[in-house]
Amino acid sequence: MLEAWEDFDLELSLKASFVLPLFEEVEPRTYVKLYGHRAGLKLRAYTGAVLYEGCSVFEASLLSGAWFDPLENAKRLRRRKAQYLYELWQAFPGLGLAVDPWDVRAIFYAIFLSRNTDYHANTVRWVRELARRAGDEDRLVALDPREVGSSYQLAQLAEIKGDLERVLAPLKAGPELLGSEGTFKALKARLLALPHVGPKTVHAFGLFCLALTHLAPADRHLLAIARAIGLADEDTRVPRKEFCLRYDCLRGPERCPQARECITAILMRELGHMAGWFQTAAFLYGSLYLSKGRDPVGLLRR
């Protein structure tokens, strides 16, 4: 049994992660990994804990999200900065960060295919079907993404798949990727050079494969919530690809001409290692509530 904090919610943590398509709920609160590293492993949710089978406690901790306790991690921030996280923590006290440093191609596919579509209705369905057909990373490379649908996202993935493989092939997947800023720096420009790949995709890859939790993949929900709570203003913008190609935001984002207006740079400065959790919680709040016209904790009414 993997012990987590009292409010930990396995289902919520998977739902907020690009790890989700690699799992299938086989019975209530029980998830089986259907692809890649430790395929067949089982995670079952209990109050504040996860029962795991077919993997180590370390692997279960990463894949479930239980390794990242938001309240404990927020204590490392000064009180004023930690206060920015409080409303989202109230909405999602059980939210961890489910990451996967082993199945890097499948995670990248999920991130890439999440652009401009409903993640849970479309992306998860596409990637889960690809995962079922492939079974592992080697066979995934041979699949044509257009076999599982006709969306432009799948067509664009088919277009870049060969070049993407040349970028990812030298990567040694596994726990040594965790926290590796050097790996992110080496991959960032090469990934951004691919057609249809923008900063949000690359930052999400850094967060959900490399566990670089100070990266905040930017979208409209993140901007709206950051503005509402005073972390950003009307001049704040999402990162621009041409600047991300030239500047290293991990080693001094202030050098980038957009640093004062870039929401990712702002969150890195203000929230540090909590920026990725804040973005993940903002995504959940947007997809579960704001997109349906709901705002249960009143974030946008402040």
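The values are calculated or read from the model by the stated rules, or taken from the named source; none is laboratory data. Given the structure is predicted, the values throughout are model-derived calculations rather than measurements. Positions of Cβ are backbone-derived with ideal geometry, glycine not excepted, and every protein chain shown enters the neighbour counts. Calculation scope for accessible area: heavy atoms of the full protein, side chains included, ligands and nucleic acids excluded. Shrake-Rupley method; radii C 1.70, N 1.55, O 1.52, S 1.80 Å.
Summarised in one figure, the compactness ratio Rg/Rh of the chain, Cα atoms and Kirkwood Rh, is 0.94.
For every other residue with a beta carbon closer than 9 angstrom to the beta carbon of Leu41, add +1 if it is Lys or Arg and -1 if Asp or Glu, then tell me the sum. Could the numbers behind the result be given before it?
Numbers: positive: Lys33, Arg38, Lys42; negative: Glu53, Glu59.
Cβ neighbours under 9 Å give a net charge of +1.
For Arg76, the shell of other residues with beta-carbons less than 14 Å away shows a net charge of +2, using +1 for Lys and Arg and -1 for Asp and Glu. Taking the accessible area of the chain, probe 1.4 Å, and keeping the other protein chains in place, the carbon and sulfur fraction comes to 48%. What residue among Arg79, Arg132, Arg146 shows peak mean-square fluctuation when the chain is described by a Gaussian network model with Cα springs under 10 Å? Between Arg79, Arg132, Arg146, it is Arg79 that shows the largest mean-square fluctuation. Note on Glu147 and Glu242: their simple-model spin labels are 4.0 nm apart, each label 7 Å out from Cα toward Cβ. Based on protein heavy atoms only, the chain ends up with 43 Å² per residue of surface accessible to a 1.4 Å probe. A simple spin-label model places pseudo-atoms 7 Å from Cα toward Cβ; at Glu24 and Glu181 they are separated by 4.1 nm.
Between Tyr86 and Asp233, the C-beta separation translates, for a Förster distance of 30 Å, into a calculated FRET efficiency of about 0.90. Fully extending the segment from Ala189 to Ala39, taken as 0.36 nm per residue of separation minus the present Cα-Cα distance, adds 50.9 nm.
On the basis of the beta-carbon distance and an R0 of 41 Å, Ala158 and Arg255 show a calculated FRET efficiency of 0.65.
Which three numbers, in whole Å and largest first, are the semi-axes of the equivalent ellipsoid of region 1-98 derived from its Cα gyration tensor as √(5λ)? Don't skip to the answer; put the middle values down first.
Numbers: eigenvalues 135, 30, 27 Å².
Listed largest to smallest, the semi-axes of region 1-98 are 26, 12, 12 Å.
Computed over the chain, the per-residue total of -39500 (n - 2.57) for DSSP H runs of n ≥ 4 gives a 222 nm mean residue ellipticity of -13000 deg cm²/dmol, rounded to 500. Put one equal scatterer on each alpha carbon of region 9-49, apply the Debye formula with no solvent term, and list log10 I(q)/I(0) at q = 0.25 1/Å to two decimals. For region 9-49 at q = 0.25 Å⁻¹, log10 I(q)/I(0) is -0.85.
Stretching the chain fully between Arg132 and Ala169 yields a gain of 11.2 nm (0.36 nm per residue, less the alpha carbon separation). Would you give the gap between the C-alpha center of region 133-200 and the C-alpha center of region 66-96, rounded to a whole Å? First find each Cα centre; the distance between them is then 31 Å.
Mean separation of Cα pairs under 8 Å and 6+ residues apart, divided by the residue count of region 199-302: what relative contact order is that in percent?
Details: 126 pairs, mean separation 35.9, N = 104.
Relative CO of region 199-302 lands at 35 percent.
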